[in-house]
Amino acid sequence: MKRNYDNKVIWITGASSGIGAELARQFEQAGARLVLSARNVNGLNELKAKLKHPTKHLVLPLDLAKSETFVGLVSTVINEMGSIDVLVNNGGVSQRANARDTAIEVDREIMEVNYFGPVALTKAALPALKKSCGQLIVISSVAGKFGFHLRSAYSASKHALHGFFESLALEEKDSLCLTMVCPGKINTSISFNALNAKGEASQIIDSNHISGMPVEKCVRIILRAAGREKSEVLMGGKEVLAVYIKRYFPAFFRVLMRKQKPA
Ligand SMILES: NC(=O)c1ccc[n+]([C@@H]2O[C@H](COP(=O)([O-])OP(=O)(O)OC[C@H]3O[C@@H](n4cnc5c(N)ncnc54)[C@H](OP(=O)(O)O)[C@@H]3O)[C@@H](O)[C@H]2O)c1
């Protein structure tokens, strides 16, 4: 492993649930000191209390749609924890609605939470990250590699993350390393929390998410890739194959995707 996370300060957004909560558990096992951020403070406190060394970690409520708070939050992390070694831009929201039905306000909200939020937080944390020759881990999606039914704004927000963070990583290559993570279907509450055309939580659990990759396995793959400083990692089921089919057989990819049912 190129990276050792022992005693490192790792800031995880979206830590109240799913992949973020499991990242907290596994990074703690690797010896890290954690900053746990999301909107659901009770969920963050419950997670912290269940970790092995709760006093090592900081709960820091954060709304990714409120970027005006980020400079102050970065100062809090530096004052309380001393440094920022790793920022995991994980928090995000999905979508379950056709583009034609989705209110433009909902498109903007998804872009704010999934794209502008991580971008603004990274800019605020950048001086501290560069000082510690730190690492950015960005949770994108296979939907950041190709568009899919009912995911127009979500897919756009994830594509945008690749453009921004790959550019940033080039500019800061001497003092920052980047791992882009592209999960396929992982068994979390993502579909339940996904926004419908009006911007409300769909409250529907997709059956193919329940049968998706267990979150523990997904996070083990993320930690291994980040530890090895891989620039990109994909994980999930057969949906991940579509990324390679698109790259090498684009015409066949289009035929294949048109046969997929919206889900
Ligand atoms: N599960 C999958 O199949 C899958 C596949 C590809 C990519 N991903 C990506 O993985 C990441 C984590 O998703 P998950 O699967 O773990 O889903 P999840 O269980 O719904 O977790 C989403 C997390 O994002 C946080 N979040 C949502 N809106 C936020 C906001 N405005 N401000 C701050 N935090 C916010 C939520 O916390 P609060 O509600 O407490 O704020 C929650 O902790 C997301 O970026 C998602 O796009 C997931």
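The values are calculated or read from the model by the stated rules, or taken from the named source; none is laboratory data. Please read these numbers as outputs of a predicted model, since none were measured by experiment. Using ideal geometry, Cβ is built from the backbone for each residue, glycine included, and neighbour counts are taken over all protein chains shown. The protein model used for the area step is the full one, side chains on, heavy atoms only, and it has no ligands, DNA or RNA in it. Shrake-Rupley method; radii C 1.70, N 1.55, O 1.52, S 1.80 Å.
In the stretch 9-238, the DSSP beta bridges split such that about 5 percent are antiparallel, to the nearest 5.
Counted residue by residue at 0.36 nm each, then reduced by the alpha carbon distance between them, the extension gain from residue 133 to residue 79 reaches 17.6 nm.
Between residue 56 and residue 100, the simple spin-label model (points 7 angstrom out along Cα→Cβ) gives 5.4 nm.
Descending by average beta-carbon neighbour count within 10 Å, the peptides 51-58, 188-195 line up as 188-195, 51-58, the highest first.
Adding -39500 (n - 2.57) for every DSSP H run of four residues or longer, then dividing by how many residues the chain holds, sets the calculated 222 nm ellipticity at -13000 deg cm²/dmol. Ordering 248, 12, 262 by Cα displacement along the dipole of the chain toward the positive end leaves 248 in first place; charges were set at the Cβ atoms of Lys, Arg (+1) and Asp, Glu (-1). Summary of the geometry: the stretch 88-165 and the stretch 61-86, compared by the centres of their Cα atoms, lie 18 Å apart. Given +1 at the Cβ of Lys and Arg, -1 at the Cβ of Asp and Glu and no other charges, the dipole of the chain around its Cα centre is 900 debye to the nearest 20. From the alpha carbon centroid of the stretch 243-263 to that of the stretch 26-50 is 38 Å. Once the Cα-Cα distance is subtracted from the 0.36 nm per residue extended length, the residue 200 to residue 71 segment shows a gain of 43.5 nm.
For the pair residue 220 and residue 46, the difference between a 0.36 nm per residue extended length and the Cα-Cα distance amounts to 60.4 nm. For residue 115, the solvent-accessible surface computed with a 1.4 Å probe is close to 40 Å², ligands and nucleic acids excluded. The accessible area of residue 6, taken with all protein chains in place and a 1.4 Å probe, comes to roughly 90 Å². Between the Cα long axis of helix 18-29 and the first principal axis of the chain there is an angle of about 30°, rounded to the nearest 10.
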